[in-house]
Amino acid sequence: MNKLNIAVIVGSLRKESFNRHLANAIVKFAPESVNFKFVDIGSLPLYNQDDDDHQADTVQKMKAEIDECDGVLFVTPEYNRSIPGVLKNALDHGSRPYGKSVWGKKPAAIIGISQSPVGTALAQQHLRGVLATLDMPTLCQPEMFLQLKEGFFDEAGDIGQGGRQFIQSWMDRLLSWISANKGS
């Protein structure tokens with residue numbers, strides 16, 4: 001497998017976010033031939049179409065980081081049965097101005113964790129609709145609606161023993177997906 005560069009966008013700004021914790025843990029399942037770039041979306045201004053011709057430096061930086069990557073991994077919580085506003089804001093910024101979207105043809109995958117038994121299923125479904133509109137081929141199976149339970153993370157903050165094989169299988173599928181779809 002050639003070197004892969006994958007952007008990681010965490011849809012939560014909370015310092016102790018379960019999803020940030022998940023993102024930090026799952027990237028350890030990839031081989032050294034994969035580089036993960038955590039992309040900051042918390043410093044982006046609120047999207048305003050009036051700013052399309054003069055995007056903020058933080059917006060330009062985010063777009064450049066996405067542009068340099070072969071694919072995008074979205075790690076998102078579920079807020080009010082949808083995606084967090086900060087994530088939608090980043091998607092909107094990256095898609096503008098019209099005709100200059102950084103997202104088009106970038107393969108993507110979605111994962112999320114919650115204390116809820118249905119994990120982040122509704123947020124992921126909403127995000128899939130947005131990613132389809134942005135022309136991002138998105139890994140459909142296996143879906144990863146993870147429930148945060150005792151022992152999911154071990155004392156070191158890694159994925160606990162019970163979930164390692166499951167996460168490794170998903171990571172292998174993710175890397176195959178991005179390899180097969182990058183640059184398409």
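At-a-glance table
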item: Distance between modelled label sites at Glu150 and Glu32, nm, 7 Å Cα→Cβ extension; result: 3.9 nm
item: Pair-distance profile P(r), taking every C-alpha pair of the chain, with 10 angstrom steps and integer %; result: 9, 39, 37, 13, 2
item: Violating pairs (Cα-Cα greater than 19 angstrom) within the set Lys63/Lys182; Lys37/Lys63; Lys3/Lys88; result: Lys3/Lys88
item: Sum of -39500 (n - 2.57) over DSSP H runs of 4+, divided by residues of the chain (222 nm, nearest 500); result: -10500 deg cm²/dmol
item: Sites Glu143 and Lys15, calculated FRET efficiency, Cβ-Cβ separation with R0 45 Å, nearest 0.05; result: 0.95
item: Helix 164-181 axis, angle to the chain major axis (alpha carbon atoms, nearest 10°); result: 30 degrees
item: Degrees separating the helix 121-133 axis from the principal Cα axis of the chain, which is the longest one; result: 40 degrees
item: Near-label residues of region 20-49 by backbone N, under 19 Å of a point 7 Å along Cα→Cβ of Ser179; result: 27-37
item: Efficiency of FRET from Cβ geometry, Thr58 and Ser82, R₀ 30 Å, rounded to 0.05; result: 0.80
item: Rel. contact order, % - alpha carbon contacts under 8 angstrom, at least six apart, the chain; result: 25 percent
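None of the figures in this text is laboratory data; all of them are computed from the coordinates on show. Keep in mind the model is a prediction, meaning the values are calculated, not measured. Glycine gets a Cβ as well: all are built from the backbone with ideal geometry, and neighbour counts include every protein chain shown.
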